[in-house]
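A.B. asks: One structure, as structure tokens, below. Some questions next.
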Amino acid sequence: MTATLEPTPTKGPKPLINGQRPGGLQFAVYVGVLLPIVALAVAVPFAWGWGLSWVDVALSAVFYCLSGLGITVAFHRYFTHGSFKAQRWLRVALAISGSLAVQGPVITWVADHRRHHAFSDRDGDPHSPWAYGTSPLAIVKGFWHAHMGWLFERDQSNAERFAPDLLKDPAIKKVDQYFWLWTVITLVAPGILGGLISWSWWGLVTGFFWAGLVRVCVLHHVTWSVNSICHMIGERPFSARDRSANFWPLAILSFGESWHNLHHADPTSARHGVQRGQIDISARLIWLFEKFGWVDNVRWPTPTRLARLRAE
Ligand SMILES: [Zn+2]
Ligand SMILES: [Zn+2]
């Protein structure tokens, strides 16, 4: 959809797209996206009276938080938007924790998301639900595209244009290159832990299934819902130049990322849930990191700034 946006310039900004995803990688995307969905589809009958223990529930919760906050605090607020500065060791740990969400390597994720902000809900946005228009059919098509259809498009966001800061960091490039390893770990570790805690092979199988596959699938859909639903439905108390909206039902599961209207109005803000009662667990974690002295230069919202961002 976006490949023809700009001719390759000799001068000026680098092109949006820098090539097509190779066949093997495309296959991996299909497996990575569809396998967890298949797992979720069989999860319900599997859980009917057997196959889900309290160990599985606890492991799923722990890995959901670890990888989910890895997306929200690390990939999104830190690497994409620079909402705070982190100590070196934490920077690497954050990159690894986000990689455990199986949403692509850190540099790819950041490049796609910066492109989303640069062109939000306009031509060039990798995942706008408004890409096809506003007729009922176009909205259905747009929802699918924004939610997960865009993942299967082979155009790759140009990291040299959108993430040159990360390409310059050898440690982050290493974490990026070892994405396959983080994927193996995020699926296998819950199985091993489940097996050890319950001291049984069956515990290994259910740990892998619930806290590995099903957890990844749920987190995938929560993240994708921010891209789809939060650009369609909800309140718009702040002036953003796109259709981003605050969708409260996802606030807890998305760790505060569904306060998406404020986020587009003020992308570098470390807190997205800025209004009374808007729970933002990611902001809480950044606050905790700040208290420990692990992060600084946190871009907390100020009342004057928020007043300026309010929609008229
Ligand atoms: Zn958005
Ligand atoms: Zn963002």
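A.B. asks: State which residue is nearest to ligand 1 (Cβ to nearest atom) when the search covers only segment 260-287 and only residues that are touching a Ser or Thr at 6+ places or on another chain (Cβ under 7 Å) and polar (S, T, N, Q).
C.D. replies: So the residue we want is 261.
A.B. asks: Of all the residues that make up segment 37-71, how many are farther than 23 Å from residue 112 by Cβ, out of contact with any Cys (no Cβ under 7 Å at 6 or more places or on another chain) and either assigned to a helix (DSSP H, G or I) or within 16 Å of ligand 2 (Cβ to nearest atom) (or both)?
C.D. replies: Here is the first cut: in segment 37-71, the ones farther than 23 Å from residue 112 by Cβ are 38-63, 65.
Then drop every residue that is not out of contact with any Cys (no Cβ under 7 Å at 6 or more places or on another chain), which leaves 38, 41-63, 65.
From the residues that got through so far, the ones that are either assigned to a helix (DSSP H, G or I) or within 16 Å of ligand 2 (Cβ to nearest atom) (or both) too are 38, 41-47, 54-63, 65.
Selection size over segment 37-71: 19.
A.B. asks: I'd like the full set of residues that are open to solvent by 30 Å² or more (accessible area, probe 1.4 Å) and under 19 Å from the mean Cα position of the chain (by Cα), limited to segment 127-150.
C.D. replies: 143, 144, 150
A.B. asks: So, in segment 56-74, exactly how many residues are farther than 14 Å from residue 283 by Cα and at pLDDT 95 or above?
C.D. replies: 9
A.B. asks: Scan segment 63-81 and give yes if some residue there is over 11 Å from the mean Cα position of the chain (by Cα), open to solvent by less than 40 Å² (accessible area, probe 1.4 Å) and at positive phi, otherwise no.
C.D. replies: First pass over segment 63-81, keeping only residues over 11 Å from the mean Cα position of the chain (by Cα): 63-66, 78-79, 81.
Next, only the ones that are open to solvent by less than 40 Å² (accessible area, probe 1.4 Å) stay: 63-64, 78-79, 81.
Those left that are additionally at positive phi: none.
No, that holds for no residue.
A.B. asks: A further question follows. Taking residue 274 as meeting all but one of (1) open to solvent by 40 Å² or more (accessible area, probe 1.4 Å); (2) in a loop (DSSP other than H, G, I, E, B); (3) free of Cβ contacts under 8 Å to residues at least 60 places away in the same chain, write down the number of the exception.
C.D. replies: It is condition (1) that residue 274 fails.
A.B. asks: Pick out the one residue from 233, 172 that is over 17 Å from residue 69 (Cα atoms) and within 16 Å of ligand 1 (Cβ to nearest atom). Before the answer, list the steps.
C.D. replies: Numbers: 172 fails: within 16 Å of ligand 1 (Cβ to nearest atom).
From the options 233, 172, the qualifying one is 233.
A.B. asks: I would also like to ask the following. Conditions first: (1) open to solvent by 20 Å² or more (accessible area, probe 1.4 Å); (2) away from ligand 2 (no atom under 16 Å from the Cβ). Residue 122 passes all but one, so which condition is the exception?
C.D. replies: Tallying (1) open to solvent by 20 Å² or more (accessible area, probe 1.4 Å); (2) away from ligand 2 (no atom under 16 Å from the Cβ), residue 122 fails exactly one: (2).
A.B. asks: Moving on to the next point. Only one of (1) under 24 Å from residue 168 (Cβ atoms); (2) modelled with pLDDT of 85 or more; (3) β-branched (Val, Ile, Thr) is not met by residue 10, so which one is it?
C.D. replies: (2) is the only condition that residue 10 fails.
A.B. asks: Could you pull out every one of the helices (runs of 4 or more DSSP H) wholly within segment 152-263 that has 1 or more residues that are of a type in the set (Phe, Trp, Tyr) and crowded, with 21+ Cβ neighbours inside 10 Å?
C.D. replies: Values: elements: 159-162, 164-167, 170-177, 179-198, 201-206, 215-228.
In segment 152-263, 159-162, 179-198 are the helices (runs of 4 or more DSSP H) which contain 1 or more residues that are of a type in the set (Phe, Trp, Tyr) and crowded, with 21+ Cβ neighbours inside 10 Å.
A.B. asks: How about segment 72-107: which of its residues are farther than 15 Å from residue 268 by Cα, within 15 Å of ligand 2 (Cβ to nearest atom) and outside any loop (DSSP other than H, G, I, E, B)?
C.D. replies: Residues satisfying the conditions are 98, 106.
A.B. asks: Among the listed residues 222, 214, identify the single one that is within 16 Å of ligand 1 (Cβ to nearest atom), in contact with a Leu (Cβ under 6 Å, 6 or more places away or on another chain) and closer than 28 Å to residue 189 by Cβ. First the steps, then the outcome.
C.D. replies: Numbers: 214 fails: within 16 Å of ligand 1 (Cβ to nearest atom).
Of 222, 214, the one residue that is within 16 Å of ligand 1 (Cβ to nearest atom), in contact with a Leu (Cβ under 6 Å, 6 or more places away or on another chain) and closer than 28 Å to residue 189 by Cβ is 222.
The values are calculated or read from the model by the stated rules, or taken from the named source; none is laboratory data. Keep in mind that this is a model prediction, so the values were computed, not measured. Heads up, the Cβs are rebuilt from the backbone with ideal geometry, glycines too, and the neighbour counts pull from every protein chain shown. Note: areas computed on protein heavy atoms with side chains; ligands, DNA, RNA excluded. Shrake-Rupley method; radii C 1.70, N 1.55, O 1.52, S 1.80 Å.
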